[in-house]
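Student: Sharing a structure with you now.
Nothing in this text is a laboratory measurement; each read-out follows from the coordinates by a stated rule. Being a predicted model, the structure only gives us computed values, none of them experimental. When we count neighbours, we look across all protein chains shown, and the Cβ atoms used for this are built from the backbone with ideal geometry, even at glycine.
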Amino acid sequence: MTNTKSTFKTLLVLAMCFCGINSERARAQGFVGAAVRTQPKMVKIYGAGGLQGLEAYQSGILVSETGHILTVWSYVLDTDLIAAVLNDGRKFTAELIGADPRLEIAILKIEAEGLDYFDVDESVDLSPGARILTVSNLFNVATGNEPSSVLHGIVSSKTSLNARRGAFKTPYKGPVYILDAIANNPGAAGGALTDHRGRLAGLLGKELKNDQTNTWLNYAVPMSELSTAIDDLIAGRSRPRSQSDDATKPEQPHTLNRMGIVLVPDVLNKTPPFIDFVRPGSSAAKAGIKPDDLILFVNDGMTDSCRTVNNELELIDRIDSLRMLIQRGQELVELEIPGEQWTN
């Protein structure tokens, strides 16, 4: 009887071990399948860079079958020549059609149809401990039809960057997934965070370094925080009004000179609209605008260059107040310049 019990226990242990091995093998096969399914939905993005050793590449994900690409809003996009390379190696020129600096995201558009893509409406929420994949072009390993890099890990926690008391400097202050995976290396920003089945859960953020502890944060922004903004950007609701064919100009618009603002010299095709000087006592000075501020939006029009700032101002009557969203260091500040009365 004792031998029978001993034999049964041995068989049970062996069966449990066998099932465990099969379970791990099945889990691994599941991750491989998920990683393979995400590859056609990934994009390698190339743009501006080179200054002070900055990388000229990042990642993106397709969010429509007609070529809309979700990525991070960064200096890489500060050029008229943004290149997007698909998983099969096809290369397109991408157009920046909208951005939301508060969420640090941007939408690009390429002329293509029938593409495989992530359906943002079907994205999933993750809980701490959930097994995840991160898919991106970190370190620019893939330049053509090579697959994007895939890392496996778990969600360590879900917290808010705003709760970190400025240790990580970023305009975004909302919820993030903290990842147990070295996911936020150069080029990874704009990549995909998925669950173990390959369902989209978040967007990999930029590299963030803790100034207090000299450590790096591996994180992703949940898609639930981005979905509404993505819909707005695709619909063109933040596109500069100056690009509209039916835009009309008032007789007496706002001008930088009347507001007391001098921008940096416009020497490039797309010179970022940094403020070089603010005249003391001017309406801009009274509104709190300062030198070195970067103008991101004039009213609801995105301003990605000195030229677009002037174009947007030409569409706003001087009698109307205007809003400016500016970046001051790592902070976003929204300011209002009141309108003024005028006579012919």
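Student: Taking amide hydrogens as modeled 1.01 Å from N in the peptide plane, which residues meet the under 5 Å criterion relative to residue 130, leaving out close sequence neighbours?
Tutor: Amide H neighbours of residue 130: 155.
Student: So, one more: Only counting other Cβ atoms within 10 Å, I'd like 277, 118 sorted with the fewest neighbours first. The partial results should precede the final answer.
Tutor: Working: 277 12, 118 22.
Neighbour counts put them in this order, fewest first: 277, 118.
Student: Can you list residues whose amide H is under 5 Å from residue 176's amide H, if they're 5+ apart or on another chain and H is modeled 1.01 Å from N?
Tutor: Counting only residues 5 or more places away or on other chains, the set is 159, 160, 161.
Student: Then there's this: Around residue 187, which amide H atoms from residues at least 5 apart in sequence, or from another chain, sit under 5 Å from its own amide H, with H modelled in the peptide plane?
Tutor: 139
Student: Between residue 182 and residue 145, what FRET efficiency follows from the Cβ-Cβ distance if R0 is 25 Å, with the result rounded to 0.05? It would help to have the intermediate numbers written out before the result.
Tutor: Values: r = 25 Å, r/R0 = 1.00.
That pair, residue 182 with residue 145, gives E of 0.50.
Student: If you rank 73, 216 by fewest surrounding Cβ atoms within 10 Å, what's the result? Spell out each step's value before the answer.
Tutor: Details: 73 25, 216 14.
Ranking 73, 216 by Cβ neighbours within 10 Å, fewest first, gives 216, 73.
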